[in-house]
1. Given (1) in a loop (DSSP other than H, G, I, E, B); (2) free of Cβ contacts under 8 Å to residues at least 60 places away in the same chain, identify the lone condition not met by V54.
2. Can you name every residue in region 83-137 that is over 22 Å from L73 (Cα atoms) and not in a loop (DSSP other than H, G, I, E, B)?
3. Which count do you get for residues in region 46-72 that are within 29 Å of P140 (Cα to Cα) and among the hydrophobic types (A, V, I, L, M, F, W, C)?
4. For region 66-82, how many residues meet the condition of being among the acidic types (D, E) and assigned to a loop (DSSP other than H, G, I, E, B)?
5. Does Q56 meet the test of being open to solvent by 50 Å² or more (accessible area, probe 1.4 Å) and either of a type in the set (V, I, T) or modelled with pLDDT under 95 (or both)?
6. Restricting to region 125-150, give me the number of residues that are touching a strand residue (DSSP E or B) at 6+ places or on another chain (Cβ under 6 Å) and in contact (Cβ under 8 Å) with a residue 24 or more places away in the chain.
7. Regarding region 148-159, can at least one residue be identified that is under 18 Å from the mean Cα position of the chain (by Cα), at pLDDT 95 or above and not in a loop (DSSP other than H, G, I, E, B)?
8. Return the residue satisfying two criteria in turn: it lies in region 108-124 and is of a type outside the set (A, V, I, L, M, F, W, C) and under 15 Å from the mean Cα position of the chain (by Cα), and of such residues it is most open to solvent (accessible area, probe 1.4 Å).
Amino acid sequence: MIEDDIGNRFPARALLDSGSESNFITERLSQRLQVHRDRVDISVAVIGQAATKVRQRIQAVLHSRVSDYSCELALLVLPRVTVNLPTTTINTAAWTLPSGIQLADPTFFESNGVDIVLGIEYFFDFFETGKRISLGEQLPTLNESVFGWVISGGISVSTSSLHIRCNVSALDGLDTLIARFWFCEEVESGKGHSPEEKRCPVRCSGIRMVDIPLLYR
């Protein structure tokens, strides 16, 4: 559940994504919330795609529907936060779920839209107990969270119907700033040394700092 500034609560389907540096919300859900919007200019990079510009950010309170857990967090607004997940509806008729557990998403096996992506900021706070239950060989695992038990892991599926999605995001900018810094520091070829550089007892020539990859997880 997500709560706006005047106490209204709305159900939301969330993806818990430790690979995301930020939290995201769909434009559609954000329009339902009566919250203040901040104007931002943030570039979000994802694997294999050009960076996406984010222009708005909101603050809202996230509530668990099965426990007393809540937290206030900032969410970047995007038209769409990810594809429908799972990408195809999963047949779970042969699965045996333990009795007495409360699922965070009772319809986890149905391919459906995602309203919110919750990133690394609070990710490990969601799994306080560390309890896990295996559903069997080539089946996913139940993980106890503050939102109820969540399903994660892989299943055996036909390769003809396989669709692989990687949900990871990084706030672009730090690598660009470093690249600009070294560009400014480079000595252009053919130019002589300044009077200050000539007085320097130690000189380094022929050294360039280039292509330093920064990886975000």
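The values are calculated or read from the model by the stated rules, or taken from the named source; none is laboratory data. Since the model is a prediction, treat every value here as computed from it, not as a measurement. Heads up, the Cβs are rebuilt from the backbone with ideal geometry, glycines too, and the neighbour counts pull from every protein chain shown. Quick note on the areas: whole protein, heavy atoms, side chains included, nothing else; ligands and nucleic acids left out. Shrake-Rupley method; radii C 1.70, N 1.55, O 1.52, S 1.80 Å.
1. With respect to (1) in a loop (DSSP other than H, G, I, E, B); (2) free of Cβ contacts under 8 Å to residues at least 60 places away in the same chain, V54 is out only on (1).
2. L85, L103, N112, R132, I133, S134
3. Selection size over region 46-72: 5.
4. Taking region 66-82 and keeping what is among the acidic types (D, E), we get 68, 72.
Still in the list and also assigned to a loop (DSSP other than H, G, I, E, B): 68.
Qualifying residue count, region 66-82: 1.
5. Numbers: open to solvent by 50 Å² or more (accessible area, probe 1.4 Å): yes; either of a type in the set (V, I, T) or modelled with pLDDT under 95 (or both): no.
So Q56 fails the test.
6. Filtering region 125-150 down to residues touching a strand residue (DSSP E or B) at 6+ places or on another chain (Cβ under 6 Å) leaves 126-127, 129, 131-134, 140-143, 148-150.
Okay, now just the ones that are also in contact (Cβ under 8 Å) with a residue 24 or more places away in the chain, so 126, 133, 142, 148-150.
Number satisfying all stated conditions: 6.
7. So the first thing to find is which residues in region 148-159 are under 18 Å from the mean Cα position of the chain (by Cα), and the list is 150-153.
Those left that are additionally at pLDDT 95 or above: 150.
The next check asks that each one be not in a loop (DSSP other than H, G, I, E, B); those that pass are 150.
Within region 148-159, one or more residues are under 18 Å from the mean Cα position of the chain (by Cα), at pLDDT 95 or above and not in a loop (DSSP other than H, G, I, E, B).
8. At the first step, the residues of region 108-124 found to be of a type outside the set (A, V, I, L, M, F, W, C) are 110-113, 115, 119, 121-122.
Next cut, under 15 Å from the mean Cα position of the chain (by Cα) only: 115, 119, 121-122.
Values: D115: 47, G119: 1, E121: 109, Y122: 50 Å².
Filtering first and then ranking leaves E121.
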